[in-house]
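Please read the structure below before turning to the comments.
The values are calculated or read from the model by the stated rules, or taken from the named source; none is laboratory data. Just so it is clear, the structure is predicted and the values come from calculations on it, not from any experiment. Here Cβ is always computed from backbone atoms with ideal geometry, including for glycine, and neighbour counts include all displayed protein chains. The protein model used for the area step is the full one, side chains on, heavy atoms only, and it has no ligands, DNA or RNA in it. Shrake-Rupley method; radii C 1.70, N 1.55, O 1.52, S 1.80 Å.
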Amino acid sequence: MRWPNLIDKTQSGSGKRMMPVGKWKRVSGTAVAAFALWVLAPGLSAADFDPAEHEGARQLVDTLVERGIERDWLESALRSAEFQQGVLDAMEGAAERRLRWDEYREIFLQPERIHRGVAFIEAHRDAFARAEAEYGVPAEVIAAIIGVETSYGRFTGHHRVIDSLSTLAFHHPVRGGFFHGELTAFLEITREQDVEPGSLQGSYAGAMGYPQFIPTSYRAYAVDFDGDGVRDLWTNPVDAIGSVGNYFAEHGWQPDLPIYHEAKGPEAPPKVIDFNRTARPYVSVAELDEAGIRVEGLEDDATVVPLALEVSEEAWRYRVGHENFYVITRYNHSHLYAMAVTELAEAIEASRALDAHQLEPTGNGEGEEA
C-alpha cells in the first residue's frame, strides 16, 4: 500500500523533525512548533542520522536491538541514511489534492498502460489465476493496482528508501510518528530478508516494489506466492500479484460483487450530501434520491459511497461506490485513485475480451474468408 493520497510525480503512476523523537514529544505536540523546526532542515548534513550523534536514531537502534537485531548492522544502516529536503517538498504536491477527475484520469487511462496491463496478465497468467481463485480478486483489478502504482514494475521509484523514511520519520512536521513506524518496519524487513537497506529504492514516501507497499503493509500482507521461501515485492511480479490479492482479501473484498454503479444528478452536487468520503458505504439510496441523485437498480435502503467527479469547471459525473470501492481506498485513501484503478481494470478487461473475440474461429474453416 502506498502512503495515502500521494502520487510520486517522478514515477509513471502512478507511497519529517529536527529534534530527536523523544525530546520533541516533551517540547511540543503541535504542528506549528514542528514546522518551526522543519524549516531548519536544509542545513542538515548527510550524517544527520548517525546514532552516535542523533538521539532519535540511537533510541530506534536500542529498540530494535531489544528485538534481536544486531547493533552494528543497525548503526551502519542509519549512518548511511541521508537527509533529503526534496522528499519533504514532494509530500506537499500530491496529484489527488490538486487535479479534477478528468485530469487525474488522463494520467492512467492511456492506451499504452491498458495494453501493458493485458500483456502483464498474459505473461503471468497462472499467478493471476491462482490469485483470483485464492483471494477472489479479479486479475484485472490486481493488474490495475500494479499498473497505476508502477506501470507494471517499470517505475518503482528512484529514492533510496532508507533516506526517505529517515527524513520523514525524524523531520516531517505532522506525520513523523507514522513514518517512524515505517522506518522501524523497513529495518526489520531488510534484516530478516538479508537485504542491504541502502540498496533499495522506492517512492519519496517509502513505498516499495511492484505494488508500492509501505513497510508495515509489506510486513503484514506480502506473501511468498511462488513458493521460493522469500517474500520479494521488489523484483518478483508473482509475489506482487499474490500480495495485492491478499491485501484486498484481508480488507474485505467481496468476490463477484460490483465496485460501483452509475448515477444521475443535478448540474452541481447538492450540499446536503457529503460526497467522496473514503469510508464504508454511509448514505442510503433513498437519501440520495431525496437530494436529486438517481441510482437505478439498487434498493432504497442500500448504502453506498456517493461520488461527485468533476469533469470540467462546470460539469460533474455521479457514481456510487459499494464495499469493494471502499476496499480499494484502503490501498490509497483517495476516491480519485480508487476510481482510476476501477476504470483501468475495466479497460484492461474490455481489451482482453476483444483480443479473445478476435482469436475465435469464424466457423468458415481455416484460411477461408466469409
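Quick one: if the Förster radius is 30 Å, what FRET efficiency do D62 and Y282 give, using the C-beta to C-beta distance and rounding to 0.05?
The value I calculate is 0.10.
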- Query: Residue farthest toward the positive end of the dipole of the range 264-350, with Cβ of Lys/Arg at +1 and Asp/Glu at -1: which of I293, T329, W316?
  - Reply: T329
- Pairwise FRET efficiency - R98 versus S76, Cβ, R0 = 30 Å, nearest 0.05: 0.15
- Message: If I compute solvent accessible area with a 1.4 Å probe over the protein chains, what percent of it on the range 224-370 is carbon and sulfur?
- Response: 46
- Item | Selection from A77, Q110, A57 lying farthest towards where the dipole of the range 57-137 points positive, charges on Cβ | Q110
- Got a number for carbon plus sulfur as a percent of the range 40-184's accessible area, 1.4 Å probe? 47
- Task: Which order do the peptides 66-75, 276-285 take when ranked by the mean count of other beta-carbon atoms within 10 Å per residue, highest first?
- Result: 276-285, 66-75
- Computed from the mean reciprocal separation of all distinct C-alpha pairs, what Kirkwood hydrodynamic radius does the range 112-267 have, in Å? 16.5
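Two decimals, Cα atoms only, Kirkwood Rh: what is Rg/Rh over the range 60-99?
Rounded to two decimals, Rg/Rh equals 1.28.
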- Note on the structure: Whole-Å distance linking the alpha carbon centroid of the range 299-362 with that of the range 225-272 is 12
- Kindly state, to the nearest 0.05, the FRET efficiency for R125 paired with D228, given R0 = 22 Å and r defined as their beta-carbon distance. 0.70
- Item | Gyration tensor verdict on the range 66-198 (Cα atoms; rounded if a/c is under 1.5, prolate if a/b is larger than b/c, oblate otherwise) | oblate
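Using the crude model of +1 on Lys and Arg Cβ and -1 on Asp and Glu Cβ, and no other charge, please compute the dipole size for the range 235-332 relative to its Cα centre, in debye to 20.
280
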- Query: In nm, to one decimal, how far is the D256 label point from the H158 one, both placed 7 Å along Cα→Cβ?
  - Reply: 4.7
- Message: Quick check for me: using +1 on Lys/Arg Cβ and -1 on Asp/Glu Cβ, what's the dipole size of the range 151-214 about its Cα centre, in debye to the nearest 20?
- Response: 240
- Message: Suppose all protein chains stay in the model; what accessible area per residue would a 1.4 Å probe give for the range 195-331, in Å²?
- Response: 43
